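These notes are about the structure you will find just below.
Quick note: the coordinates plus some simple rules give every number you see, no bench work behind them. Since the model is a prediction, treat every value here as computed from it, not as a measurement. Every residue, glycine as well, gets a Cβ built from its backbone with ideal geometry; the counts of neighbours run over all protein chains shown.
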Amino acid sequence: MLFDSYTIKQVTFKNRIVMSPMCMYASDDTGEVKDWHHIHYATRAVGQVGLIIVEATAVTAQGRISPQDLGIWHDDHIEGLQRVVDSVHGQGSHIGIQLAHAGRKAVLETPIIAPSAIPFSETFKTPDEATLQQIQETITAFADAAHRAKQAGFDVIEIHGAHGYLINEFLSPLINLRNDEYGGDRDGRFRFLQEVVIAVKQRWDGPLFVRISAHEYVDGGLTPEDHVYFAGKLKELGVDLIDASSGGTFPVVPKTYPGYQVPFAEEIRTKANIPTGAVGFITEPEQAEEILQSGRADLIFLGRVLLREPYWVRTAASRLHTELKPPVPYTRGW
Ligand code: FNR
């Protein structure tokens, strides 16, 4: 199944292997694409990854994790991103982009925002509690970014709702202490993500993924059960796939082992009846194949193994005794 194609909204990925979004911190204060990004992403396309998701890309300058983040907050960013899209398409892969706002985890000189004025840790800056106007501006920034992603030619958008960044902060009962309509019960805390999805969908009709942190690993924090509920609502809003990661809202490190997040993808897929992506310590082709064959997820997201081995997919095909399907650039002498 790993090498079966997969179609969402008329976009057909040639296999089920996705490059997980990974910040390269290789831009500068402009947020523009550099040579690094071209080489890095095109290399994984030559390596036959079906779908490459470009790293967390900031929808506002204030929403960057660092001053080296890629940006999509200005029309000037479109041209550089388009060249990355074209080089990946030129090698026969599809390409998505992760739209992100770092919230209270932004490490910037400027003021930063979050649902409530509580810092991530002692070493982080205390964010301003976002005003209703700032909330609306940020929702609009996600929608404008989606429009720019469309202009740049991306095939997929992934909204970053995980790892303790802004959207995740709104979802969390431990970080979002607001008593207006953007806080309170589950529906209140979900409202920000809901409005982001609705606004994005007004400017984007292609495949839409949402990455979530299915577990906060903290007493009283979000659990997979909450995310089954959120995923059901996201499905109703027209989201196509939940990319199930975990952690990052607090400085706690969960116990990790091969496939440790796969049960989250499985639970959400089964209980909310929505396609999911599995991610986290998936490194072996047989392991990836098992996840798909057992119906635990629909797509396999690979992170660090694709940093180490950009041609992992070609090796996996040979290990699983499969032929790569066209278009396969550069086959001579392989
Ligand atoms: C990441 N990860 C990540 N996740 C995300 O949603 N957006 C991002 O921009 C980043 N950035 C990032 C940078 C680097 C260098 C690493 C190693 C990781 C998390 C990543 O997408 C993935 O979920 C994890 O790495 C777990 O998968 P692996 O690496 O075990 O396959």
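Points to keep in mind about this one:
- Cross-link partners for Lys105 among the lysines, with Cα-Cα distance under 25 Å and sequence neighbours closer than 8 places in the same chain left out: Lys34, Lys125, Lys255.
- Pairwise centroid distance, computed over Cα atoms, of segment 1-40 with segment 76-127, Å: 14 Å
- Set the Cα radius of gyration of the chain against 2.2 N^0.38 Å, with N its number of residues, and you get 0.94.
- Gain in span if fully extended, Asp29 to Tyr260, counting 0.36 nm per residue against the direct Cα distance: 79.6 nm
- Diffusion coefficient (Stokes-Einstein, Kirkwood radius over C-alpha pairs, 20 °C, 1.002 mPa s) for segment 166-269: 151 µm²/s, rounded to a whole number.
- Taking every DSSP beta bridge that has both ends in the chain, the antiparallel portion is near 10%.
- For segment 245-254, backbone phi angles converted through the Karplus equation (6.51, -1.76, 1.60; θ = phi - 60°) give residue-by-residue couplings of 9, 7, x, x, 7, 10, x, 10, 10, x Hz, Gly and Pro being listed as x.
- Taken about its Cα centre, the chain carries a charge dipole of about 800 debye when Lys and Arg each add +1 at the Cβ and Asp and Glu each add -1 at the Cβ.
- In this simple spin-label model, placing a label point 7 Å from the Cα along the Cα-to-Cβ direction at both His74 and Gln10 gives a separation of 3.4 nm.
- Each stretch of four or more DSSP H residues adds -39500 (n - 2.57); spread over every residue of the chain, this sum gives -11000 deg cm²/dmol at 222 nm.
- Crossing angle, helix 262-272 versus the chain [Cα axis fit, 0-90 degrees, rounded to tens]: 70 degrees
- Placed amide H near Trp204: partners under 5 Å, 5+ positions off or other chain: none
- Relative packing of 220-233, 174-187, 42-55, which averages over residues the other C-beta atoms within 10 Å, highest first: 42-55, 220-233, 174-187
- Computed magnitude of the charge dipole of segment 164-275 (debye, nearest 20; Cβ of K, R +1, Cβ of D, E -1): 200 debye
- Karplus 3J(HN,Hα) series, Hz, for segment 18-29 with 6.51 cos²θ - 1.76 cosθ + 1.60 (x for Gly, Pro): 10, 7, 5, x, 9, 4, 9, 6, 10, 9, 9, 4
- Acute angle (nearest 10 degrees) that the helix 186-203 long axis makes with the longest principal axis of the chain, alpha-carbon atoms: 50 degrees
- Karplus-derived 3J(HN,Hα) values for segment 115-122, using 6.51 cos²θ - 1.76 cosθ + 1.60 with θ = phi - 60°, are x, 9, 7, 10, x, 5, 7, 4 Hz; glycine and proline are entered as x.
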